[in-house]
Amino acid sequence: MQRLRIGIAGLGTVGSGVVRLLEQQRDLVALRAGKAIEIVAVAARDKARSRPVDVSPYRWHDDPLALAAADDIDVVVELIGGADGPAKALVEAALTRGKAVVTANKALLARHGTGLARLAESKGATLAYEASVCGGIPIVKGLREGLAANRVRELHGILNGTCNYILSQMRDTGRAFDDVLAEAQALGYAEADPSFDIDGIDTAHKLAILTALAFGAEVDLDSIHVEGIRRVGALDIAYANELGYTIKLLGIARQTEHGIEQRVHPCMVPKNAAIAAADGVQNAVVADGDFVEKMNFLGRGAGAGPTASAVAADLIDIARNRAIPVFGVPADRLARATPQPIEHRFGAYYLRLMVIDRPGVIADVAAILRDQNVSLESVLQRLRAPGDNVPVVLITHETDEARMTAAAAQIGALEAVVEPPRLIRIEQF
Ligand SMILES: NC(=O)c1ccc[n+]([C@@H]2O[C@H](COP(=O)([O-])OP(=O)(O)OC[C@H]3O[C@@H](n4cnc5c(N)ncnc54)[C@H](OP(=O)(O)O)[C@@H]3O)[C@@H](O)[C@H]2O)c1
């Protein structure tokens with residue numbers, strides 16, 4: 001039987017998962033690949049580290065770049081991580097030598113995806129990255145191959161399981177953000193430094209990749225408006241629930257007549273929206289193609305098993321010589337899209353204020369909204385106790401972001417408003 005010889009750099013959660021999968025599913029993978037997929041060598045930082053899989057049968061390299069140089073390796077599997085440093089050096093070295101690369105590294109692709117796609121194509125090498133977005137969900141294949149004949153109009157996704165877990169727990173238990181985050185860290189769902197996840201950066205990396213795929217555009221991470229979930233309060237989650245919504249951190253990309261809108265922020269979505277079905281650590285993407293209409297993808301977005309499954313699927317494609325341009329169209333035909341600033345967003349808003357409960361406050365708030373041409377759908381005020389601070393929730397009709405943020409700033413400056421207003425965008429999809 002023919003062989004596809006691979007070298008794996010990085011033996012952490014994903015790298016060890018890939019070794020385990022390729023050992024455990026050896027026969028099935030060989031049947032589907034038409035070749036035996038054989039690990040020839042591995043590389044990581046610390047050879048002495050104890051690992052969940054036995055890597056002693058494989059040649060060890062301290063320097064991952066040795067995998068790119070080795071003549072007995074056909075495919076380099078990069079599972080180190082990081083936008084620059086050894087991961088980038090390894091991927092570039094392998095592609096430059098015409099070797100296929102499989103990676104799970106969203107940071108690398110979000111930062112350097114267009115350049116790497118050009119390099120891969122110029123060398124006739126494959127650059128595969130199914131595992132980089134939504135772990136086990138075949139979203140790269142889904143968009144690039146499954147929906148290849150569609151113009152995608154819009155896509156939105158829950159792309160970070162840690163944030164979705166935290167928001168789901170807050171909703172289910174009524175607990176505060178800091179409390180749930182601490183628990184998620186203790187359970188290993190969140191990193192010791194959680195900012196990459198909870199500040200929306202990881203979601204933005206994945207959105208940048210999906211946008212390039214969906215719209216045939218150059219990867220443009222810097223144009224994404226990014227807000228994380230730190231400011232989502234238990235009170236907002238409770239109000240959302242009462243109003244028939246759930247709060248999710250979404251990555252949204254939309255083709256507008258003026259360009260491509262890309263944004264990451266907490267959203268209120270109707271509880272029965274397709275995207276709301278993703279609970280806990282799950283990920284989901286809804287993509288709207290002009291012929292296929294809305295397609296839903298849902299499942300495990302991280303972890304050793306799902307991510308290894310995606311890496312192995314890429315290896316099987318390479319073994320079968322299935323070669324598709326990195327972002328679906330030749331790299332030199334990727335459009336340089338005009339980014340749409342967040343100020344152009346048009347939609348409804350949830351505005352939650354904490355005010356001193358005294359006559360005239362709501363009238364002042366309403367006057368500011370009227371002057372900004374923002375009309376209200378509903379106002380909710382409860383728990384009245386004269387003299388106390390009370391929450392007031394306003395739901396607006398559709399309006400522009402620029403008007404809404406101007407109104408929120410003016411409202412926040414009112415003497416009777418005792419906390420910065422909380423503004424959450426409502427997406428109906
Ligand atoms: N974890 C997930 O669920 C998941 C899901 C999707 C995508 N990803 C992506 O997959 C990649 C790997 O993630 P992970 O969670 O497996 O990370 P991880 O557990 O931290 O493992 C990283 C591995 O890279 C090795 N490494 C680090 N620096 C190195 C260097 N300079 N030279 C050689 N090896 C080096 C480490 O070696 P030592 O073990 O010797 O320290 C370790 O084996 C990242 O790009 C990540 O974004 C992860």
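The values are calculated or read from the model by the stated rules, or taken from the named source; none is laboratory data. Computed from a predicted structure; not experimentally measured. Here the Cβ positions follow ideal geometry from the backbone for every residue, glycine too, while neighbour counts run over all protein chains shown. Accessible surface areas use protein heavy atoms only, side chains included; no ligands, DNA or RNA. Shrake-Rupley method; radii C 1.70, N 1.55, O 1.52, S 1.80 Å.
A few remarks follow.
- Counting 0.36 nm for each residue step from Arg3 to Asp332 and taking away their Cα separation leaves a gain of 115.2 nm.
- Amide H within-cut-off set for Ala44, under 5 Å, with H built and near neighbours excluded: Gly10, His61
- Label positions at Asp172 and Lys47, each projected 7 Å from the Cα along the C-beta direction, are separated by 4.5 nm.
- Put a dot 7 Å past the Cα of Gln24, heading toward its Cβ, do the same for Asp54, and the two dots end up 1.7 nm apart.
- Each Lys and Arg Cβ is given +1 and each Asp and Glu Cβ -1; about its Cα centre, the chain then shows a dipole of about 1000 debye.
- Reference-scaled alpha-carbon Rg (2.2 N^0.38 Å with N residues) for segment 109-198: 1.46
- The residue list Leu147, Gly347, Val219 was ranked by how far each Cα lies along the charge dipole of the chain toward its positive end, using unit charges on Cβ atoms, and Leu147 comes out on top.
- Candidate lysines for bridging to Lys206, where Cα separation is under 28 Å - those fewer than 8 sequence places away on the same chain excluded: Lys88, Lys99, Lys106, Lys123, Lys141, Lys248, Lys271, Lys294
- Charge context of Val393, other residues only, Cβ under 12 angstrom, K/R +1, D/E -1: 0
- Looking at the chain, the accessible area is 43 square angstrom per residue; that uses a 1.4 Å probe and ignores ligands, DNA and RNA.
- Among Pro391, Ala367, Ala184 the positive-end extreme of the charge dipole of the chain (Cβ point charges): Ala184
- Computed across the chain, the Kirkwood radius stands at 23.0 Å (inverse of mean 1/r, all Cα pairs).
- The phi torsions of segment 320-335, fed into the Karplus equation with coefficients 6.51, -1.76 and 1.60 and a -60° offset, translate into couplings of 8, 6, 7, 10, 10, x, 3, 10, x, 10, x, 4, 7, 9, 5, 6 Hz, rounded to whole numbers, with Gly and Pro shown as x.
- Amide H contacts of Glu419: Met354, each under 5 Å away and 5 or more positions distant or on a separate chain (H built 1.01 Å from N in the peptide plane; Pro and chain starts excluded).
- Packing-based order for 83-95, 368-380, using average beta carbon neighbours within 10 Å, highest first: 83-95, 368-380
- Computed from the Cβ-Cβ distance with R0 of 35 Å, the FRET efficiency linking Leu235 to Thr256 stands at 0.60.
- Applying the Karplus relation 6.51 cos²θ - 1.76 cosθ + 1.60 with θ = phi - 60° to segment 405-421 yields 3J(HN,Hα) values of 6, 5, 4, 4, 5, 5, 5, x, 7, 5, 5, 7, 9, 9, 9, x, x Hz, where x marks Gly and Pro.
- Asp71 contributes an accessible area of around 130 Å² to the protein surface, as traced by a 1.4 Å probe with all chains present.
- Rounded FRET efficiency, nearest 0.05, which uses the C-beta distance separating Lys294 from Asp72 and R0 of 35 Å: 0.15
- Extending 7 Å from Cα along the Cβ direction at Asp371 and again at Asn389 yields two label points whose distance is 2.4 nm.
- A Cβ-based charge dipole, computed about the Cα centre of segment 109-183 with Lys and Arg at +1 and Asp and Glu at -1, lands at about 460 debye.
- Orientation-averaged projected area, Cα convex hull of segment 27-70 (nm²): 4.0 nm²
- Residue-span extension gain [Arg97 to Val418] - 0.36 nm each, minus C-alpha spacing: 109.4 nm
- Over the residues of the chain, the helix contribution to mean residue ellipticity at 222 nm works out to -10500 deg cm²/dmol, using -39500 (n - 2.57) for each DSSP H run of at least 4.
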